[in-house]
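K.L.:
One structure follows; several queries about it will come next.
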Amino acid sequence: MPQKPIVYDAPTPEPRATTVEALQAQILEKLTYSIGKDPIVARPHDWLAATIYAVRDRIMDRWMESSRETWRTSNKRVYYLSLEFLIGRLMRDAMSNVQLMEPVQQALKNLNVDLGDLINMEPDAALGNGGLGRLAACFLESMSTLKIPAYGYGIRYVHGLFRQEMSEGWQVELPEEWLAHGNPWEFERRESAYEVGFGGHVEPVTDPDGLIRQEWRPNDHLLAVAYDTPIVGWRGARVNTLRLWSAQPIDPILLDKFNSGDHIGALEESARAEAITRVLYPADSTPAGQELRLRQEFFFSSASLQDIVRRHIQQYGDLTSLPDKVAIQLNDTHPAISVAELMRILVDDNGMKWADAWKVTKGTFGYTNHTLLPEALESWPVALLERLLPRHMQIIYQINADILGEARNRAKFTDQQIANVSLIDEHGGRRVRMGQLAFVGSHSINGVSALHTELMKQTVFADLHKLYPERINNKTNGITPRRWLMQCNPGLTRLISDRIGPAFLDDIEKLRGLEAHADDPGFQSQFAAVKRANKERLARLIKDRMNITVSPEALFDVQIKRIHEYKRQLLNIIQAVALYDEIRAHPERDWMPRVKIFAGKAAPSYWNAKLIIKLINDVARVINNDPAVRGLLKVVFLPNYNVSLAEVIVPAADLSEQISTAGMEASGTGNMKFMANGAITIGTMDGANVEMHKEVGADNIVIFGLSTEEVEDKRSRNEVPRTAIDSSPRLSEALESIASGVFSPDDPHRYRDLIGGLYDHDWFMVARDFDSYWDAQMRVNALWNNKPKWLGMAIRNTAAVGFFSSDRTIRQYAHDIWNVPTA
Ligand SMILES: *Cc1c(COP(=O)(O)O)cnc(C)c1O
């Protein structure tokens, strides 16, 4: 029987006061009674924890209220399943969203503590690699802002994305320890623990009513324990839960073994279980392919589904209503095994008929695709799935039989088309394609920008799209304007508010009102002053961390993102080399000072990406120390790119580099952060750049390079890149100097193969886009030399960013995919 433990009218505690006095008293109280420290001996970390506890209390009141409301109203819940949440710091976000920045700052000041110091001390929760994980974090905040009852589900990695240090210009990976001082934001929920099984076998059992059903008997079990973090929306609209799973052994210690003297063996089970949630896989846009990764995927999918089903049954009693009350969004294919797991729960555990279960499953799931790169699409060997998840493999076969039957009988597909839609890839060893599984198990499949969605229909999912033409839709990514404008750039936020009023804080499309002021000299100079202050702050950070002096007068030309060949940091650094040559060859010209700023991590196993980091550092050393450059060009690689560093760099950028090979960046979200903060984009017609170009207008963005079709055409004709190089003396000279060791005298051949690849195949079109990129950079120079023109463009970028708010994205998901109302 479903149990309804809810007493809707239960008395609730008085909400906490938010005055300076109350906050001050409570921070002291937390320090004493929760942390056990006297103010006289308290360390900065103790003050940080005490402050977080005091802020958290103010959020708890709304958290309870939000949850109570969903139980009372029976509103539909949204579950966002993601193997990554790139959260960053939470304290400023939370304080700002509930309007506590000023009283907390004052309360701490009265206690002789600086809020800014505490903010910078909070660990940066990096439970993700890049854009995909950051999108999940922006979405959580927007779902709370739009009052959608939602849960994020993921993994509580003990070690998030590695810490990056430089050793003689090479990337070195160090373990990241975000939990070293504990995590005052989270609540451990021992009572919300589920068993997750692996391995074993499947046994047919006969029910009392004579029906035969399959029962999975795993031989390996562990426990998923929930840790909850509150996520508060703008103006405290609602507080949702981010529930992260931690793996623990069923038996923490095997006493038999311990007592017989095998002290290490006694702990083996514990170590094996905890290994599952110990580390985040550090590869972005490439599947890790190891068994532990599949275990992570199933572990968090299974725990999340058990939790969702338990909550649904508790409130509604049966599972046929699941699609009416539950929407589950799969963030890429990492949680795609959920499709088979929900089928198993419905059919095997709850005795639902196969066809009914399939309807419920499709009605519940939506799937977001994040990449088209064929090599990046996840698949698992059939043999591995059979060993680890034997029942799921059977279910996948049965789903596949149904789909292929439909393809043959209804759609009259050819053998080739049938092979294309099959869940099993028969090339080489047999593998299960997780993209196909997620597609067929969902009623909605979305891409993340208009271009990417179109390409999806033409490439990876072309035949599935023919079979199910109504399923694919587009949801262009967005960013939360709270973190990426209001919190990271309070100066600009204040300026905008003074000029057009504060309504944009609640309706970001109102930023369009700035367009009327874009050419106003008075506003331009205020806008420039804000940018200048942000650049001074970044210049100080560069001085402190790198001991490099950069002038805030210079153009700050910024490329910060994961290091990947398709993102083409190589194109940017080759342009720096060409510029270096040109400055020395033509010292008489009127050069403008430029600082090229890079940051980003490379996957530890991605050799070329790591070599590109080394190249940037080698080039930086030479250029920064050459007196002939006269400071007109500087190159800086800032180590350990993460959300917190982005929050300092983005508001200080003049130029935003979004220069991926057309057709390869699904959307990008970094591009939107820069746009919000009044940087001008130099970019290709790729991902969401296409829509930025449309929103801001062709005059306010600098576009260059081959189009998606031209790239495709050149690739299909196997065109030789050498001609592009031979016909460009500027490019040839730059490539020769890099390849011959001008920047690596200690190892002259270091870059021979990297540069050789450009002559040989140039898959990413670096050589063939170079001249066009160079010309675009010269257009940037001309614009920069015309300050009123530049500032007008910059202001128009901020004015046009409204469409790229994750509030808009989430509204579209809510209305088109989840069928839930929004505020
Ligand atoms: C926004 C963001 C990204 C994504 O950047 P792209 O330029 O879209 O690749 C990656 N990492 C961090 C830390 C971010 O904040």
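The values are calculated or read from the model by the stated rules, or taken from the named source; none is laboratory data. None of these values were measured; they are calculated from a predicted model. Reconstructed Cβ throughout: ideal geometry from the backbone, glycine too, with neighbour counts over all protein chains shown.
K.L.:
Can you name every residue in the stretch 718-755 that is part of a loop (DSSP other than H, G, I, E, B), in contact with a Ser or Thr (Cβ under 6 Å, 6 or more places away or on another chain) and of a type outside the set (D, E, K, R)?
P.N.:
Residues of the stretch 718-755 that are part of a loop (DSSP other than H, G, I, E, B), as a first pass: 718-721, 727-728, 740-751.
Checking which are in contact with a Ser or Thr (Cβ under 6 Å, 6 or more places away or on another chain) leaves us with 750.
Hits for the stretch 718-755: nothing passes.
K.L.:
Can you name the helices (runs of 4 or more DSSP H) wholly within the stretch 756-814 that have at least 2 residues being over 24 Å from Gly697 (Cα atoms)? Walk me through how you get there before you give the answer.
P.N.:
Numbers: elements: 766-784, 787-799, 806-812.
Result: 766-784, 806-812.
K.L.:
Can I ask one more? Do you know which residues across the stretch 465-505 are among the basic types (Lys, Arg) and out of contact with any helix residue (DSSP H, G or I) (no Cβ under 7 Å at 6 or more places or on another chain)?
P.N.:
Listed by number, the residues that qualify are Lys466, Arg471, Arg494.
K.L.:
Which of the residues belonging to the stretch 455-492 are free of Cβ contacts under 8 Å to residues at least 12 places away in the same chain and within 30 Å of Ala653 (Cβ to Cβ)?
P.N.:
Within the stretch 455-492, just Pro490 meets the criteria.
K.L.:
A further question on this structure: Six or more apart or on different chains, Cβ atoms under 7 Å: show the pairs whose first residue is in the stretch 738-758 and touching a residue at least 60 places away in the same chain (Cβ under 8 Å) and whose second is surrounded by 15 or more Cβ atoms within 10 Å (Cβ to Cβ) and of a type in the set (Phe, Trp, Tyr).
P.N.:
Filtered contacts from the stretch 738-758: Ile738/Tyr751; Ser744/Tyr751.
K.L.:
Out of Glu426, Glu470, I need the residue that is of a type in the set (Asp, Glu) and either at pLDDT 95 or above or surrounded by 23 or more Cβ atoms within 10 Å (Cβ to Cβ) (or both). Which one?
P.N.:
On inspection, the qualifying residue turns out to be Glu470.
K.L.:
If I go through the stretch 102-153 residue by residue, how many of them are in a loop (DSSP other than H, G, I, E, B) and either small (Gly, Ala, Ser) or away from the ligand (no atom under 16 Å from the Cβ) (or both)?
P.N.:
Of the residues in the stretch 102-153, 10 are in a loop (DSSP other than H, G, I, E, B) and either small (Gly, Ala, Ser) or away from the ligand (no atom under 16 Å from the Cβ) (or both).
K.L.:
Does Ala411 fit the bill of being modelled with pLDDT of 95 or more, among the aliphatic types (A, V, I, L, M), touching a helix residue (DSSP H, G or I) at 6+ places or on another chain (Cβ under 8 Å) and not in a helix (DSSP H, G or I)?
P.N.:
yes
K.L.:
Looking at the stretch 516-534 only, could you name the residues that are surrounded by fewer than 23 Cβ atoms within 10 Å (Cβ to Cβ) and within 30 Å of Lys596 (Cβ to Cβ)?
P.N.:
Listed by number, the residues that qualify are Ala518, Asp519, Pro521, Phe523, Gln524, Ser525, Gln526, Ala528, Ala529, Val530, Arg532, Ala533.
K.L.:
Might you let me know whether the stretch 174-183 holds any residue that is in a strand (DSSP E or B) and at pLDDT 95 or above?
P.N.:
Taking every residue of the stretch 174-183 in turn, at least one turns out to be in a strand (DSSP E or B) and at pLDDT 95 or above.
K.L.:
If only one of Leu267, Leu280 is aliphatic (A, V, I, L, M) and buried (at least 22 other Cβ atoms within 10 Å of the Cβ), which one is it?
P.N.:
Of the residues listed, the single one that is aliphatic (A, V, I, L, M) and buried (at least 22 other Cβ atoms within 10 Å of the Cβ) is Leu280.
K.L.:
Follow-up. Considering each residue of the stretch 370-387, count those that are more than 18 Å from Thr333 (Cα to Cα) and of a type in the set (A, V, I, L, M, F, W, C), and give that number.
P.N.:
Looking only at that region, the number is 1.
K.L.:
Restricting attention to the stretch 651-668, does a residue exist that is part of a helix (DSSP H, G or I), under 17 Å from Ala800 (Cβ atoms) and within 8 Å of the ligand (Cβ to nearest atom)?
P.N.:
At the first step, the residues of the stretch 651-668 found to be part of a helix (DSSP H, G or I) are 651-652.
Now drop any that are not under 17 Å from Ala800 (Cβ atoms), which leaves none.
No - not one qualifying residue is present in the stretch 651-668.
K.L.:
Something else now. Considering only residues that are in contact with a Lys or Arg (Cβ under 8 Å, 6 or more places away or on another chain), closer than 25 Å to Phe300 by Cβ and among the basic types (Lys, Arg), which ones fall in the stretch 54-108?
P.N.:
Of everything in the stretch 54-108, those that are in contact with a Lys or Arg (Cβ under 8 Å, 6 or more places away or on another chain), closer than 25 Å to Phe300 by Cβ and among the basic types (Lys, Arg) turn out to be Lys76, Arg77.
K.L.:
Let me ask you something else. List the residue pairs whose Cβ atoms are under 8 Å apart, where the first residue sits in the stretch 251-268 and is under 20 Å from Asp220 (Cα atoms) and among the small types (Gly, Ala, Ser), the second is surrounded by 14 or more Cβ atoms within 10 Å (Cβ to Cβ) and at pLDDT 80 or above, and the two are 6 or more positions apart or on different chains.
P.N.:
Gly265/Lys257; Ala266/Lys257; Ala266/Phe258
K.L.:
For the stretch 100-130, give me each residue that is of a type in the set (Asp, Glu) and in contact (Cβ under 8 Å) with a residue 40 or more places away in the chain.
P.N.:
Listed by number, the residues that qualify are Asp117, Glu122, Asp124.
K.L.:
I've got another one for you. Please find, within the stretch 312-322, the residue that is nearest to Pro821 (Cα to Cα) out of those that are of a type outside the set (Ser, Thr, Tyr) and free of Cβ contacts under 8 Å to residues at least 24 places away in the same chain.
P.N.:
Looking at the filtered set, the residue picked out is His312.
K.L.:
Residues of the stretch 476-501 being more than 16 Å from the ligand (Cβ to nearest atom) and either in a loop (DSSP other than H, G, I, E, B) or within 30 Å of Glu454 (Cβ to Cβ) (or both), which ones?
P.N.:
Residue satisfying the conditions is Gly501 alone.
K.L.:
Could you look through the stretch 535-567, keep only residues that are surrounded by fewer than 17 Cβ atoms within 10 Å (Cβ to Cβ) and basic (Lys, Arg), and pick out the one that is farthest from the ligand (Cβ to nearest atom)?
P.N.:
Looking at residues that are surrounded by fewer than 17 Cβ atoms within 10 Å (Cβ to Cβ) and basic (Lys, Arg), I get Lys543.
K.L.:
Those residues that are crowded, with 23+ Cβ neighbours inside 10 Å and either more than 25 Å from the chain's Cα centre (by Cα) or free of Cβ contacts under 8 Å to residues at least 12 places away in the same chain (or both), I need them from the stretch 323-340; list them, please.
P.N.:
Answer for the stretch 323-340, where residues must be crowded, with 23+ Cβ neighbours inside 10 Å and either more than 25 Å from the chain's Cα centre (by Cα) or free of Cβ contacts under 8 Å to residues at least 12 places away in the same chain (or both): just Ala340.
K.L.:
Look through the stretch 733-753, keep the residues that are surrounded by 17 or more Cβ atoms within 10 Å (Cβ to Cβ) and among the polar types (S, T, N, Q), and return whichever of them is nearest to Val766 (Cα to Cα). Explain how you work it out, then say what you get.
P.N.:
Going residue by residue through the stretch 733-753, those that are surrounded by 17 or more Cβ atoms within 10 Å (Cβ to Cβ) are 734-735, 737-739, 742-744, 750-751.
Filter once more, so that each one left must be among the polar types (S, T, N, Q): 737, 744.
Values: Ser737: 16, Ser744: 21 Å.
Ranking the candidates gives Ser737 first.
K.L.:
Sticking with this one: Go through the stretch 304-322 and count every residue that is farther than 24 Å from Asn446 by Cβ, in contact with a Leu (Cβ under 9 Å, 6 or more places away or on another chain) and either of a type in the set (D, E, K, R) or crowded, with 24+ Cβ neighbours inside 10 Å (or both).
P.N.:
Residues in the stretch 304-322 being farther than 24 Å from Asn446 by Cβ, in contact with a Leu (Cβ under 9 Å, 6 or more places away or on another chain) and either of a type in the set (D, E, K, R) or crowded, with 24+ Cβ neighbours inside 10 Å (or both): 0 in total.
K.L.:
Can you tell me which residue is farthest from the chain's Cα centre (by Cα) among those in the stretch 597-648 that are part of a strand (DSSP E or B) and away from the ligand (no atom under 16 Å from the Cβ)?
P.N.:
Out of the qualifying residues, it is Leu633.
K.L.:
Among the residues of the stretch 674-705, which ones are under 21 Å from His517 (Cα atoms), part of a helix (DSSP H, G or I) and either within 16 Å of the ligand (Cβ to nearest atom) or free of Cβ contacts under 8 Å to residues at least 60 places away in the same chain (or both)?
P.N.:
Phe674, Met675, Ala676, Met692, His693, Lys694, Ala698, listed by residue number.
K.L.:
As an exercise: evaluate Val702 against (1) closer than 30 Å to Ser551 by Cα; (2) surrounded by 24 or more Cβ atoms within 10 Å (Cβ to Cβ) and give the number of the one condition it does not meet.
P.N.:
Failing condition for Val702: (2).
K.L.:
For the stretch 155-173, enumerate the residues that are more than 16 Å from Pro282 (Cα to Cα) and either under 20 Å from the mean Cα position of the chain (by Cα) or assigned to a loop (DSSP other than H, G, I, E, B) (or both).
P.N.:
The answer is Glu168, Gly169.
K.L.:
Can you tell which of Phe300, Phe258 is farther than 22 Å from Tyr397 by Cβ, surrounded by 15 or more Cβ atoms within 10 Å (Cβ to Cβ) and of a type in the set (Phe, Trp, Tyr)?
P.N.:
The match here is Phe300.
K.L.:
Taking the condition of being hydrophobic (A, V, I, L, M, F, W, C), more than 30 Å from Gly133 (Cα to Cα) and either in contact with a His (Cβ under 7 Å, 6 or more places away or on another chain) or in a strand (DSSP E or B) (or both), how many residues in the stretch 193-247 meet it?
P.N.:
As a first pass, look at the stretch 193-247 and keep what is hydrophobic (A, V, I, L, M, F, W, C): 193, 196, 198, 202, 205, 211-212, 216, 222-226, 231-232, 234, 237, 239, 242, 244-245, 247.
Narrowing the set further to residues that are more than 30 Å from Gly133 (Cα to Cα) leaves 202, 205, 211-212, 216.
Now restrict to residues that are either in contact with a His (Cβ under 7 Å, 6 or more places away or on another chain) or in a strand (DSSP E or B) (or both): 202, 205, 212, 216.
Within the stretch 193-247, residues that are hydrophobic (A, V, I, L, M, F, W, C), more than 30 Å from Gly133 (Cα to Cα) and either in contact with a His (Cβ under 7 Å, 6 or more places away or on another chain) or in a strand (DSSP E or B) (or both) number 4.
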